[in-house]
Structure formats: C-alpha cells, structure tokens
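FYI, it's all coordinate maths here, none of it is from the lab. Quick caveat, the model's predicted, so the values are computed rather than measured. Here the Cβ positions follow ideal geometry from the backbone for every residue, glycine too, while neighbour counts run over all protein chains shown.
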Amino acid sequence: MESNGDDVARILRDIEALKDTKARIEHRISVLEAQLQETVSLAPRKQQNDGVCNVSCPPISAADANLANGLSSDSVYRYSRHLLLPSFGVQAQSNLLKSSILVVGAGGLGSPALLYLAACGVGRLGIVDHDVVELNNMHRQVIHTEAYIGQPKVKSAAAACRSINSTIQIVEHREALRTSNALEILSQYDIVIDATDNAPSRYMISDCCVVLGKPLVSGAALGLEGQLTVYNYKGGPCYRCLFPTPPPTTACQRCSDSGVLGVVPGIIGCLQALEAIKIAAAVGEPLSGRMLLFDALSARIRIVKIRGRSLQCEVCGDNTTFNQEHFRDFNYEKFTQSPLSTSPPKLNLIAAESRITSKEYKERIVNGEAHVLVDVRPEHHYEIVSIPKSLNIPLASLEARLPEISSALKEKQPHEGVESGANLYVICRRGNDSQRAVQYLHKMGFNIAKDIVGGLESWAHDVDPNFPMY
Amino acid sequence: MQLTLEFGGGLELLCQSVKIHNVNVDLPKGAEKLTMKDLLSWVSTNLIKERPEMFMKGESVRPGVLVLVNDCDWELSGQLDTTLEEKDVVVFISTLHGG
C-alpha cells in the first residue's frame, strides 16, 4: 500500500514537471511565432501593392491556448454552442481554429459564406475579389453596407468579418484571380470556396485546386435556382470530370442579365460555408460525389448522385500530365470563349453608317424627324423603364412581328405615298441585341434600320442622366 | 411509357418555361425497350420549341447539361444506352455559373 502511495506521488511530480516544461515550450513557440509574423509582415511589404497580403502567411498560431484542450477561455465562451454539440465539440472546434479557408468572390455567394466562416472561428480566412461595391449588389451581397459603395469589396468584406470576430486572421487579396497569381494565393489555404460568377473562373479554380490538392466547395446561383457540390475531395470528381467541355457562351447567363433573387445565393452561400466547416472540422459527410439542386419557386431541394472521378479527365485523370506549369500557361478565357470578368460583351456587328449615337438620336427627336423607335428588350425589361413612344418588340419575337414595324412606319410617313419617309431606329439595353435586330431587319428589307450605339445605357449616360438604369 | 421529365437551370425556357412534364412516350417501332437515346430524340421533337442547339449537340445533350435518371447522373447508368422504365424521372439541368 505504501509503495503504491509513493508511486502516486512520483507520477504527480512527473506530471507537474512535464506541465512546467510544456508551458515553457509553449511560451517559446509563441515568442518565435510573434517574431516570424513580424519578419514576414515587414520583409516583403516592398513588393506589395496596397499593402494587401500576397505572400505566404505564417501558420495559424495556437499561442493563446492556455487550456489543456487548446482553447483559450475566451474561445471556450465564444464557441460554447459549438462545443456543446456532441457531434462537433472541442475537437472539431479546435480543428476549425487551426484551418484556413479561401473564399474567391465577395458577392452574392461569398457574402453569407464569409460571415459564417468568420463567426465560426476559421483560423485564417482569405478573401479574393477585384470588384467594388455597387448599389445594385446590395440586395444580395449582404456583407456590404451602403457606406462602402464605391470601395473594394475585399476591404468591405474584411471589415465586416473583423467586426464579427477580431480573434481570427483575415487576409485581403484585392486582385482578380488569374493563372499568374492563383497558385500562390490558393496554396496558402486548406480549403477553397468558389463563389465566383463565371465559367472561366470556375474551370480555373477547379484546375488550380487539383494541381494543389485542395478540396473545393463550389456553389452557383442564378434566377431562382442554386447548385452546390464539393470537388476534388478525397478522390472525388473535379469540375472537369463533370464538365469536360465548356458550355456554349450563350448558355452562360449572368445575374446582371438574367436577374437573381437575393436570398437564393444567400442560401447556397450558407451551404458552402457549412460544407467548408465540415471539411475543416473533419465532421460529417461532405457533399462530394453528390450535387444539391435548389429550386426556390417550388421550394424543392434535390440531392443527386453524380459521377465519380473520371479516369480520362484531362486534369485529374490517371494519365494526365497537367501540372502547375500547364496551369500557368492555360488560357481559360479562350477555353470557355468568355471573359474572366463579368463585364458584358461589346459587339460590333454592323457597319458604322447603320449606327447612330444616343446624342444624335436625341437631336433627331428635337428636330421632329418622323421615325419609329423599336425597343427589342424582353417585355419585363421594357416594364422597368423605356423611352416614351418607343415600340417594344422583343428580339425573340421580331420575326413574327415585322408587320407591326411596317404599319408603324406607314403611320409616321409625313405624306401619303412618299416612300422615303419615316426612319427606323432600334434600341436595347446595351447595344448588342439592337445590332442583331438591325442585322436581321436589313436582311428582311428594312434597309433604313439603324442601331443606337450603346443602347439605353448610353442614353442614360450621355442624354438623360435622370433615366433610371438597372 | 409514363415518364416525368424535368428541366432546370434555364433549360425550361426551351419548353415554354414549364419545368415539369408528365409525358407518355411510345417505344420505337419494333423495339423492346426505351433508351435515353430514344428519349432525347423524342424530347427534341415534342418538347423543345426553340433554340434546339441549346439542348442538343450531335446525338447527345450539349456540354454543360447534366442528365439525371431517378436522381442519378446518367454517366453511372450508361448515358445514351440507359434503359428507361415505367414512372422513371429524368432531369435535364443546365449548370449554373452565376453568383
């Protein structure tokens, strides 16, 4: 019995000694980490633009850990509701605190994703975006406030994240993601969230995640529908396994053209945060090899089984040679035939003599010229705003409604029977569809048809600043 | 054969903005089964009212369209050769890029 008591005392002494050593080692680690952070943040600053971090960030520090479970007392309190979850608990939360997640795009999807990721205690949260906050973003990009209109989205989003959680590291990448910087940026994080809005970016991010071996949480939303899946996770498929050939550009609609109900990307963005949290915390079953399809109007969520990794995949297949060098040289805009930025295309389809500027058109109105103005936008666009006395014939129904144009022209003819009477002008939102319409009208014998360059956007810009734009 | 066809991700615009179609598809003459290949040609003839190139390319769907038979990617069931059965649900969904 007595020897037993001696043993206990000896073990207790050993534990005390080890704890003491552990505390001293931890102190040394935190001193060294602080030193490292200083060195890293000082040295490369010279080559940085805007003071935005684009160098390798130091590993996430667990220096404030003063409890056996690695969580500080503040952390225990802040994340207590996570810790109380039997299926999450201390282990998952400390995994989260040690993880790093990059969100590409601080828009409709990125906004809610970032808010939740900052709140839940992801150790390092990176944000990439090159855009500025605009008024027409506010209905869905809920991370931004009116005060930030005109300012970089990254700055606005980072400020919001910091105000929610000052204890995590927020990294601002105020630049467009390109093949030239993607490897460097993505390699600093454990998990990548694709919250972008265009096809070339989606291929580029997926390929980059494959060559770097990072799981990718991919979400998309448009109109009243959303889609979500996890790519490149533990042998699962990548974006290219599913979509080896890019879709035709006409099938790639933009929110700025087709519209989007604000809460729809909100829901998908929240689900993206959830999937990223599950991967980072190592809990549950990530949505890999499955895809979630959300239809807001019918209130239906469908989860479908998708193909696994394709052995023939050009990027992640068995015989692929695709590597970082190939990635850097790959032209994603050419591959998808669409630009990495979401700026709308500016077509130039017809000869200059068949086009007039909005200012010239205004002069013709002032001079009382007899004419017909055909607005070829869809009906629901026309309902938003239109130029008075214009005739709305959507491009899709132009063929069937040509007689309406003929009779409108006849009505406007100054003198009965005079052939060279009223002129015919065509307008749309930005001046692309109006050119397509004029091309068609010329073919159908309406040789007088002229396009108004730049459409209603240029009308609002150059002629009538009070004309509402959307 | 009674089938439920669903169009999503913008493909419904090609069939008068109707997403769900309950249809009755006859077996091709002399055939004993209906395959996805048969169904695609039936859909192009009977449901797609405009811009057929937005749905088909060659004898299959265009790139960017996912086809799901009973909530399962048709790649897993043999693509065009997938055999359809009574009351099957076939979903055609265009991948979204927006955000």
* 222 nm [θ] for chain A, helices only, -39500 (n - 2.57) per DSSP H run of 4+, per residue, to 500? -> -11000 deg cm²/dmol
* Structure fact -> In terms of the alpha carbon gyration tensor, root eigenvalues a ≥ b ≥ c, rounded if a/c is under 1.5 and otherwise prolate when a/b exceeds b/c or oblate, chain B is prolate
* To do: Mind putting together the pair-distance distribution for chain A? All Cα pairs, 10 Å bins, whole percent per bin, short to long.
  => 4, 16, 23, 20, 15, 10, 6, 3, 1, 1, 0, 0, 0
* Asked: Is there a pair in A:LYS153/B:LYS19; A:LYS153/A:LYS334; A:LYS19/A:LYS214; B:LYS29/B:LYS57; B:LYS49/B:LYS87; A:LYS214/B:LYS57 whose C-alpha atoms are over 30 Å apart, and which pairs would that be?
  -> A:LYS153/B:LYS19; A:LYS19/A:LYS214; A:LYS214/B:LYS57
* To do: Return the lysines within reach of A:LYS410: Cα separation strictly under 16 angstrom, same-chain partners fewer than 8 residues apart disregarded; answer none if there are no such residues.
  => A:LYS389
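Would you tell me the mean number of C-beta atoms belonging to other protein chains that fall within 10 Å of each C-beta in A:224-231, as a whole number? Show your work: numbers first, answer last.
On the way: counts 0, 9, 4, 9, 0, 0, 0, 0.
Neighbouring Cβ atoms belonging to other protein chains average 3 per residue here.
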* Provide the per-residue ³J(HN,Hα) series for the range A:118-125, in order, calculated from phi with Karplus coefficients 6.51, -1.76, 1.60 and θ = phi - 60°, each as a whole number of Hz, with x at glycine and proline positions. => 5, 5, 7, x, 5, x, 10, 10
* Determine the equivalent ellipsoid of the range A:222-333 by diagonalising the alpha-carbon gyration tensor, then write out the semi-axes as square roots of 5 times the eigenvalues, largest first, rounded to whole Å. => 26, 20, 13
* **Inter-chain shielding of B:88-95 (mean C-beta neighbours from other protein chains, 10 Å cut-off)** => 4
* **15 Å beta-carbon shell around B:GLY78, net charge (K/R +1, D/E -1)** => -3
* Structure fact -> Non-local residues with an amide H under 5 Å from the amide H of A:GLN188, with H modelled 1.01 Å from N and Pro and chain starts lacking one, are none
* To do: Scan around B:LEU84 for amide H atoms under 5 Å from its own, H built in the peptide plane at 1.01 Å from N, and keep only partners 5 or more places away or cross-chain.
  => B:LEU34, B:THR35, B:MET36
